[in-house]
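The values are calculated or read from the model by the stated rules, or taken from the named source; none is laboratory data. Computed from a prediction, not measured in an experiment: that's the story for all the values here. Reconstructed Cβ throughout: ideal geometry from the backbone, glycine too, with neighbour counts over all protein chains shown. SASA here: full protein model, heavy atoms, side chains in, ligands and nucleic acids out. Shrake-Rupley method; radii C 1.70, N 1.55, O 1.52, S 1.80 Å.
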Amino acid sequence: MDNTQIPNDKPMFEAPHDVIELPSRGLFYPHKKGRIKVGYLTAQDENILTSPNLLTSGKVLDVLLERKILDKDIKADDLLPGDRNAILFFLRATGYGEMYPIILTDPKTGQEFNYEVDLSKLEEKPIFAEPDENGEVEFLLPRSGSKVKFKLLTAAETARITENEEARMKKTKSNISNLMTSKLEAQLTEVDGVRSRAEILQFIQYMSVADSSALRKYMNEVEPGLDETIEVTAPSGSIFRTEIPITLNFFWPYL
């Protein structure tokens, strides 16, 4: 009898996976990885997707991404939102099918109608501007003429800024949100060659609305990801563009 045993540290079956290319091409990360290994959804993953505690906490997608990203040196929270969303669309398309049913409203009649989005047809936004070796992008402000550098925020940074601002408003009972300037404070890394945080914060405080709005528009253009806008012909014949809504049918098509 053959007494050879399978080593306990090696799984009998390798997790089914694919290597996908990130919309950012890894240009904005220190590791510069533009392709990562992502596991397909399995029966075990449905335990995560249907976990009451995770659904209540709103952490279900965070836990799912940590489980499905198989490159252990890459954390889901450290990815840009556009890269995270690309992985989520990949998991949905390969797990539950490429056709994603949604409900839209006819802009002409105001009536709701059913529509299916073919997730396989979504295209990546072109790389609008490549960052420097530090992952920073340069922009010339139109009103002041100042040259600034900024970084893109990761999912974790965005969530932390939002949580801190919500806590501040609750504590101070303020009705005014500082979220827009808080994000600018986190993103701006240099103004006219100056990298002092104190001077940058003061610059933001007195930045004209023309400069701040132009900067935010440019940041949105630079942000990599999938183009999640679709062109739809409504039952009335009206043609309009809209962003793909993420509803319960995205990962819970049978609920």
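List every residue pair whose Cβ atoms sit under 8 Å apart, with the two residues 6 or more apart in sequence or on different chains, where the first one lies in region 107-119 and is in contact (Cβ under 8 Å) with a residue 40 or more places away in the chain and the second, anywhere, is open to solvent by less than 80 Å² (accessible area, probe 1.4 Å) and among the β-branched types (V, I, T).
Going by the 8 Å Cβ cut-off, the qualifying pairs are Q111/T105; F113/T105; Y115/I102; Y115/V232; V117/I102; V117/I230; V117/I244.
List every residue pair whose Cβ atoms sit under 8 Å apart, with the two residues 6 or more apart in sequence or on different chains, where the first one lies in region 49-72 and is among the acidic types (D, E) and the second, anywhere, is open to solvent by 50 Å² or more (accessible area, probe 1.4 Å) and not in a helix (DSSP H, G or I).
As it stands, the answer is E66/K75; D71/K33; D71/K37, since those pairs meet every condition given.
Output yes when any residue across region 135-147 is at negative phi, surrounded by 14 or more Cβ atoms within 10 Å (Cβ to Cβ) and basic (K, R), and no when none is.
Within region 135-147, not a single residue is at negative phi, surrounded by 14 or more Cβ atoms within 10 Å (Cβ to Cβ) and basic (K, R).
Scan region 133-163 for residues that are more than 15 Å from L80 (Cβ to Cβ) and either touching a helix residue (DSSP H, G or I) at 6+ places or on another chain (Cβ under 9 Å) or part of a loop (DSSP other than H, G, I, E, B) (or both) and jot them down.
If the condition is that a residue be more than 15 Å from L80 (Cβ to Cβ) and either touching a helix residue (DSSP H, G or I) at 6+ places or on another chain (Cβ under 9 Å) or part of a loop (DSSP other than H, G, I, E, B) (or both), then E133, N134, F139, L141, P142, R143, S144, G145, S146, V148, T162 are the ones that fit.
Just checking, which of I230, I239, I244 is in contact with a strand residue (DSSP E or B) (Cβ under 8 Å, 6 or more places away or on another chain), open to solvent by 40 Å² or more (accessible area, probe 1.4 Å) and under 30 Å from G110 (Cβ atoms)?
Going through I230, I239, I244 in turn, just one is in contact with a strand residue (DSSP E or B) (Cβ under 8 Å, 6 or more places away or on another chain), open to solvent by 40 Å² or more (accessible area, probe 1.4 Å) and under 30 Å from G110 (Cβ atoms): I239.
Taking Y29, is it crowded, with 17+ Cβ neighbours inside 10 Å and over 25 Å from T158 (Cβ atoms)?
When the stated conditions are applied, Y29 does not pass them.
Give region 179-200 a look and list any residue that's farther than 26 Å from A76 by Cα and either surrounded by 15 or more Cβ atoms within 10 Å (Cβ to Cβ) or in contact with a His (Cβ under 7 Å, 6 or more places away or on another chain) (or both), or say none.
Matches in region 179-200: E190, V191, I200.
Tell me which residues, restricted to region 223-241, are in contact (Cβ under 8 Å) with a residue 60 or more places away in the chain and out of contact with any Pro (no Cβ under 9 Å at 6 or more places or on another chain).
If the condition is that a residue be in contact (Cβ under 8 Å) with a residue 60 or more places away in the chain and out of contact with any Pro (no Cβ under 9 Å at 6 or more places or on another chain), then D227, E228, I230, V232, P235, G237 are the ones that fit.
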